[in-house]
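K.L.:
First, the structure itself, so that you have it in front of you.
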Amino acid sequence: MSSNIQVTTAQLTRLVGLPGAPTVVDVRIPDDVALDTRILPAADHRSHKNVADWARDYAGQSVVVVCQRGQKLSEGVAAWLRHEGVEAENLEGGFEAWRDAGGLLASTVKLPPRDVQRRTLWVTRSRPKVDRIACPWLIRRFIDPRAVFLFVTAAEVPDVADRFGATPFDIDGIFWSHRGERCTFDVMIEEFGLSSPALDRLAAIVRAADTARPDLAPEAPGFLAASLGLSRMYRDDLEQLDAGMLLYDAFYRWCRDATEETHNWPSGPKA
């Protein structure tokens, strides 16, 4: 009988990257993190030592707690969270089980610093269409669910980044931008180590739509049409980003689970 206070790697894998995914809290000790600095997608690192101080930060959320082997640290933290009224489970087998099963892991090497509220801060050009919606979607679903995005005049992006401590993306001459035929979304998948069949397929669609190469993916024209339609519907860039998140959620889920499904109505005359 499966435990009602644990989630398996297979169960969590089905939830990662989706809008209803649980919050992942990584409580590995520094010595274990030093052995492998990668994190489960969108994981938030916390110390078990002061769980009483931060447990209520997760009020109203569904949480999966991860330690190195899924034993005392994650079980204890999950129990404390439940004491505070948080819906919490721990990952069976911990980080090692996830890694050994080939679970998606995000590299932290290029992860920007977080602000005092533990959020990453990003800035890019206003009036986003494709890449500047794709990148925030990837970050919020796989890196930092609370990430903040600032949309400003193109000429002001570097200075805003400097004055506000934000990380610029999708402008010329910076790290997080196009490289050759690859768009910024491709670069983020590579640098964060997030390559997977579903994300790679989505990246091909994004690249085709963003670089006017519809030959790269048959879905690109429709994807571009939807993206441009959203840009006409919303004057506020943040409202457009919120609406665009649903578009990317749908395409990601299709890339992951539904590429073989076809529509069969009308069914045609019976023989």
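The values are calculated or read from the model by the stated rules, or taken from the named source; none is laboratory data. Bear in mind that the values here come from a model prediction, so they are computed numbers and not experimental data. Every residue, glycine among them, receives a Cβ derived from its backbone with ideal geometry; neighbour counts consider all protein chains shown. The accessibility values were calculated without ligands, DNA or RNA, using every heavy atom of the protein model including side chains. Shrake-Rupley method; radii C 1.70, N 1.55, O 1.52, S 1.80 Å.
K.L.:
How would Arg38, Arg119, Arg56 line up by accessible area, probe 1.4 Å, largest first?
P.N.:
Sorted by accessible area, descending: Arg56, Arg38, Arg119.
K.L.:
Helix 131-142 sits at what angle to the longest principal axis of the chain, using alpha carbons and giving 0 to 90 degrees rounded to 10?
P.N.:
The two axes meet at around 20 degrees.
K.L.:
For Lys129, what accessible surface area do you get with a 1.4 Å probe? Give it in Å², rounded to 10.
P.N.:
60 Å²
K.L.:
Could I ask something else about it? Taking a ≥ b ≥ c as the square roots of the Cα gyration tensor eigenvalues, with a/c under 1.5 meaning rounded and otherwise prolate when a/b beats b/c, else oblate, which class fits the range 132-171?
P.N.:
Because a/c hits 1.5 or more and a/b exceeds b/c, the range 132-171 counts as prolate.
K.L.:
Ignoring ligands, DNA and RNA, what percent of the 1.4 Å accessible area of the chain is carbon and sulfur?
P.N.:
53 percent
K.L.:
Determine the shape class of the range 1-74: with a ≥ b ≥ c the square roots of the Cα gyration tensor eigenvalues, call it rounded for a/c under 1.5, and otherwise prolate if a/b is greater than b/c, oblate otherwise.
P.N.:
It comes out rounded by the Cα gyration axes.
K.L.:
Please give the solvent-accessible surface of Glu89 in Å², to the nearest 10, using a probe radius of 1.4 Å with every protein chain present.
P.N.:
Glu89 exposes around 60 Å² with every protein chain in place.
K.L.:
On to the next question. With every protein chain present, what is the per residue accessible area of the chain (1.4 Å probe, Å²)?
P.N.:
Counting only protein heavy atoms, the per-residue value for the chain is 52 Å².
K.L.:
Another question, if that's okay. Using only the alpha carbons, work out the radius of gyration and Dmax of the chain in angstrom.
P.N.:
My reading of the Cα-based Rg and Dmax gives 20.1, 71 Å.
K.L.:
Here's another thing I want to ask about it. If you take every DSSP beta bridge fully contained in the chain, what fraction is antiparallel? Give it as a percent rounded to 5.
P.N.:
Rounded to the nearest five, the antiparallel share is 15 percent.
K.L.:
To the nearest 20 debye, what is the magnitude of the charge dipole of the range 38-147 about its Cα centre, counting +1 on the Cβ of each Lys and Arg and -1 on the Cβ of each Asp and Glu?
P.N.:
700 debye
K.L.:
Place a +1 charge on the Cβ of each Lys and Arg in the range 193-271 and a -1 charge on the Cβ of each Asp and Glu, then give the dipole magnitude about the Cα centre in debye, rounded to the nearest 20.
P.N.:
Values: 8 positive and 12 negative charges, 52 e Å.
Dipole of the range 193-271, to the nearest 20 debye: 260 debye.
K.L.:
With a 1.4 Å probe and all protein chains kept in place, how much accessible area does Leu228 have, in Å² rounded to the nearest 10?
P.N.:
60 Å²
K.L.:
To the nearest 500 deg cm²/dmol, what mean residue ellipticity at 222 nm is calculated for the chain from DSSP H runs of n ≥ 4 alone, each contributing -39,500 (n - 2.57), summed and divided by the residues?
P.N.:
-11500 deg cm²/dmol
K.L.:
Right, another one. With the Cα gyration tensor of the range 78-168 giving a ≥ b ≥ c as the square roots of its eigenvalues, does the rule (a/c under 1.5 for rounded; else a/b larger than b/c for prolate; else oblate) give rounded, prolate or oblate?
P.N.:
It comes out prolate by the Cα gyration axes.
K.L.:
Could you pull out every residue, at least 5 positions away or on a different chain, whose amide H is within less than 5 Å of the one on Asp26? Hs are placed 1.01 Å off N in the peptide plane, and Pro or chain starts have none.
P.N.:
Here Asp44, His45, Arg46, Val66 satisfy the definition.
K.L.:
Any number yet on Rg/Rh for the range 112-271, C-alpha, Kirkwood? List each step's numbers first, then the result.
P.N.:
Working: Rg = 17.1 Å, Rh = 16.6 Å.
Radius of gyration relative to Kirkwood radius: 1.03.
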